[in-house]
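Report on one structure; see the data block that follows.
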Amino acid sequence: MTELIGYNTALALVGALLFGFSSGHVGAFVYLRKASLLSDSLAHATLPGLVIGFLVSAFLGMEEKNSWVLLLGAGISALFGVVVIQWITARTKLGFDTAIAAVLSVFFGFGIVLLTGVQSVSVGQQAGLEDYILGSVSGMLLQDVIVIGLVSIMCSAAVMVYRRSLTAFIFDSVLSEMAGYAQHRMSFLLSLLALVITIIGLKIVGLILVVAMLTIPAATARLWTTGVWSMSLLSAVFGSTCAGIGVIISALLPNLPSGAVIVVIMFIALGLSIVVTHLRSSNV
Amino acid sequence: MSANAITVNELTVDYDGVTAIEDVYFAVHAEKLTAIVGPNGAGKSTLIKALLGLIPTRTGTISCFGKSPKQYRKDISYVPQRAQIDWEFPANVFDVVAMGLYGELGLLRRFSSAHKDRVRSALTDVDMADFATRQISQLSGGQQQRVFLARSIVQDAKLILLDEPFGGIDAKSEAVIVDILRRQKQNGKSIVAVHHDLSTVKDYFDDVILLNKTVTAFGPVNDVFTKTNVEKTYGVSNLDFLTGRA
């Protein structure tokens, strides 16, 4: 396999398969909770943190592609975005959708300002940063893949363990509360999983499109299934397959950002599923 | 049985910054069918949330079978209003009833064949056994309500709390549901339901709690559900007693 597609792409493929699986798995619950927009604003809110992380790592004289500092920055920044959304919703008369739109655009805008600043000072060095916006697997290292793989497995494991409580929480929050799963804890767990998926997905799909990983496979799986369990597994399989195909295509055709290719493939799968399931149901 | 299922004393609850119920006191007898009746905005939903321990109370005490709200959670099963549920959720009838066992199963325990049998038996109790694999989006209002009753039965809680179980369903389904509730009562369950149709209170229920921010009266329907008390609760005179319209 490595002879066919190269060591680097093989690495990226393993990362994408595992990440696609867990993002589809978590995404099924995000989709059922109707929290896709929240995930999108969370992803956009990573940009300022990414750039600040980049600056910090440059200041400390680390390699500019040192992904740990960048991802940590992205995580802190997204978390701050979620806190602002929750504060606006709870303390003002503005609605949830307004809070989401405000945070998404303001954080992203601020991130772009920072990014432009960085670009004007240190031309060429920000090459690593753009990878996180549209996704690129070309420079993926073994350590990146190990982290993405392990975290993906942990996210999927968490979904397996909490599947019943998450299902009850989304379907009937009072039932889950009475069964001993407090609503705020379940809500936090789901947000945390979405956040973690977003952060580890930055490298593969990029922050603009990472929300697609959490929603399109889930929406596709929903068309084919009638239960939460089967839906989440099918969503994971769809996510994994599309991410894998996307990475291979983007490796074969250089200069194509992997994130965009993955999303286009997922969209094709969704489109076909809509047509086929529609035809099937109208035949019955 | 004269024991109390619920005892509420001097209960005041604020909801969204407004005092929703004030100085409420009543007792619910065990193994009876009790209705909570009152006009819109009387605080019925707030009272239910307080009984379930979902919202903080300002003053007063609630006890259920002699336990405090935190201890009695597993003794109550709750049947929500149908409108509060997303019926497009990917689940079939069996799945929804099985959710009643999630508290008991915890995170990791396997859903065994004994559990399956309990779900099937609860579905038989509400005469929905033939619908086990039907998607919940394809049920009628009355069937949806029966599925939730089955979920409540499978929880095997001592007290069943229902929020408008007859809202938006036809007369035939209503009769079926009343029948199920009566059988549950015979099985030793205590049942409390928020109810809107004044014309059926006396037929369906043993006891009634008349609520409008405070409790106007509570006790057996024959003693308490009088024209005077109902008019006092609804704040109107010349109430058409049978239809509930002023």
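Just so it is clear, none of the values below were taken in a lab; they were calculated from the coordinates. The shown structure was predicted, so the numbers you read here are calculated from the model rather than taken from an experiment. With ideal geometry, Cβ positions are generated from the backbone for all residues, glycine too; neighbour counts draw on all protein chains shown.
Pairwise Cα separations in segment A:2-283 fall into 10 Å bins from 0 onward with the following percentages, short to long: 7, 29, 34, 22, 7, 1, 0.
Spatially, segment B:1-76 and segment A:214-282 are offset by 48 Å when compared through their Cα centroids. Taking the Kirkwood radius as Rh and the Cα radius of gyration as Rg, the protein assembly as shown has a ratio of Rg/Rh equal to 1.07. Semi-axis lengths, largest first, of the ellipsoid equivalent to segment B:185-238 are 22, 11, 10 Å, with √(5λ) applied to each eigenvalue of the Cα gyration tensor.
Pairs of Cα atoms in chain B fall into 10 Å distance bins, from 0 up to the last occupied one, in shares of 7, 31, 35, 21, 5, 0 percent. Would you please state the base-10 log of I(q)/I(0) at q = 0.20 1/Å for segment B:67-192, with intensities from the Debye formula using one equal scatterer on every alpha carbon? Values returned for q = 0.20 Å⁻¹ are -1.22.
Fewest neighbouring Cβ atoms within 10 Å first, the residues A:Ile133, B:Ile85 line up as B:Ile85, A:Ile133.
If the elastic network links every pair of Cα atoms under 10 Å, which of A:Gly81, A:Gly27, A:Gly61 fluctuates the most in the Gaussian network model of chain A? Maximum fluctuation in the GNM of chain A, among the listed residues, is at A:Gly61.
Dipole magnitude for chain A: about 740 debye, using +1 per Lys or Arg Cβ and -1 per Asp or Glu Cβ, origin at the Cα centre.
Sorting B:Val178, B:Val208, A:Val145 on the 10 Å Cβ count, fewest up front, what's the list?
Final ranking by Cβ density, sparse to dense: B:Val178, A:Val145, B:Val208.
Provide B:Cys64, A:Cys242 in ascending order of the number of other Cβ atoms located within 10 Å of each residue's Cβ, fewest first.
Fewest to most other Cβ atoms nearby, the residues stand as B:Cys64, A:Cys242.
When +1 charges are put on Lys and Arg Cβ atoms and -1 charges on Asp and Glu Cβ atoms, the dipole computed for the protein assembly as shown relative to its Cα centre reaches about 680 debye.
Based on the convex hull around the alpha carbon atoms, segment B:117-246 presents an average projected area of 8.8 nm².
When the convex hull of its Cα atoms is viewed from all sides, segment B:13-96 shows a mean projected area of 7.5 nm².
Measuring between alpha carbons in the structure, the pairs from B:Lys185/B:Lys213; B:Lys74/B:Lys158; B:Lys44/B:Lys232 lying more than 18 angstrom apart are B:Lys185/B:Lys213.
Taking the helices alone, chain B has a mean residue ellipticity at 222 nm of -9000 deg cm²/dmol, built from -39,500 (n - 2.57) per DSSP H run of at least 4 residues and averaged over all its residues. Hydrophobic long helices, here whole DSSP H runs in chain A with Kyte-Doolittle means of at least 0.0 and Cα atoms spread over 27 Å or more along the helix axis, are found at A:7-32, A:67-91, A:96-121, A:142-161, A:183-205, A:228-252, A:258-283. Would you please give the FRET efficiency between B:Arg182 and A:Leu279, computed as 1/(1 + (r/R0)^6) with r the Cβ-Cβ distance and R0 = 35 Å, to the nearest 0.05? Taking R0 as 35 Å, the efficiency between B:Arg182 and A:Leu279 is 0.15. Hull volume per residue, based on the alpha-carbon atoms of segment A:1-144 and their convex hull, is 118 Å³. Quote the Stokes-Einstein diffusion coefficient, in whole µm² s⁻¹, for segment A:169-284, based on the Kirkwood radius over alpha carbon pairs, a temperature of 37 °C and a viscosity of 0.692 mPa s. My calculation gives 207 µm²/s for D. If you run the Gaussian network model on chain A, springs between alpha carbon atoms under 10 Å, then out of A:Ala28, A:Ala168, A:Ala179 the most flexible one is A:Ala179.
Volume per residue of the convex hull around the Cα atoms, evaluated for segment B:144-207, comes out as 82 Å³.
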